[in-house]
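**Q** Input: one structure, supplied below.
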Amino acid sequence: MITVGLGVVAAGTERAKYIKFPLWLNADTDKMEDKDIDKFLSLCTHNFPKATISIGMLHKGQKIGSEKRYNAKLVTQMKDTLIRNNVTQTVAFTVQLLTAAYSQDTLAALKDVQGITDSALYMYMKDLMVYRGDTNASTIAVFSK
């Protein structure tokens, strides 16, 4: 798996024919405006139609909030963004592990996006801390902030 930046995606049309391995294109969307997300998706679908697109659930300025879950509004926004940009390739939806655990009812709707036949959740943990209470212990407890 190789992750590339927007500049490579933009310059990719000519280079795409030389790629003989699976390509993963990632956008850290929580720092991107809607127009930038649209540009990223457009460049991906046009220049690398066989690549997997990895895209975050949040856009610039959005927060999960006190409910600590991906609500129906966020999921619908993501579906609309992908449909608006004619995305038909494999998509990995980047979600925080603990937040996703409380969002099973809403995240399931991501399996039904018009034009996309293959998708997955790419889960990560934010602010991971490893705690080892006893230096002689053979187990390590993992906590999230």
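The values are calculated or read from the model by the stated rules, or taken from the named source; none is laboratory data. Bear in mind the structure is a predicted one, so any value in this text is a computation, not a measurement. All accessible areas refer to the heavy atoms of the entire protein, side chains included, with ligands and DNA or RNA removed. Shrake-Rupley method; radii C 1.70, N 1.55, O 1.52, S 1.80 Å.
**Q** Starting from the amide H of S54, placed 1.01 Å from N in the peptide plane, find each other amide H under 5 Å away whose residue is 5 or more places distant or on another chain.
**A** Result for S54 returns L25, N26, A27, A92.
**Q** Tell me, in nm to one decimal, what length is gained between Y102 and F21 on full extension, where the rule is 0.36 nm per residue of separation less the Cα-Cα distance?
**A** Numbers: separation 81, 0.36 × 81 = 29.16 nm, distance 3.50 nm.
So the extension gain works out to 25.7 nm.
**Q** Assuming 0.36 nm per residue, please report the length gained on full extension of the stretch N71 to A109 beyond their Cα-Cα distance.
**A** Values: separation 38, 0.36 × 38 = 13.68 nm, distance 1.09 nm.
Gain in length upon complete extension: 12.6 nm.
**Q** Fully extended, how many nm does the chain gain between Y124 and K31 (0.36 nm per residue separation, minus their Cα-Cα distance)?
**A** Numbers: separation 93, 0.36 × 93 = 33.48 nm, distance 1.71 nm.
Taking 0.36 nm per residue and subtracting the Cα distance, the gain is 31.8 nm.
**Q** Report ³J(HN,Hα) in whole Hz for each residue of the range 90-99, in order, from the Karplus equation J = 6.51 cos²θ - 1.76 cosθ + 1.60 where θ = phi - 60°; Gly and Pro get x.
**A** 4, 10, 10, 7, 7, 9, 6, 3, 5, 5
**Q** Also: What are the ³J(HN,Hα) couplings of the range 73-78, residue after residue, when phi is run through the Karplus curve with 6.51, -1.76, 1.60 and θ = phi - 60°? Round to Hz, x for glycine and proline.
**A** For the range 73-78, the Karplus curve yields 5, 5, 5, 5, 4, 5 Hz.
**Q** A further question follows. Please give the solvent-accessible surface of S119 in Å², to the nearest 10, using a probe radius of 1.4 Å with every protein chain present.
**A** Rounded to the nearest 10, the figure is 40 Å².
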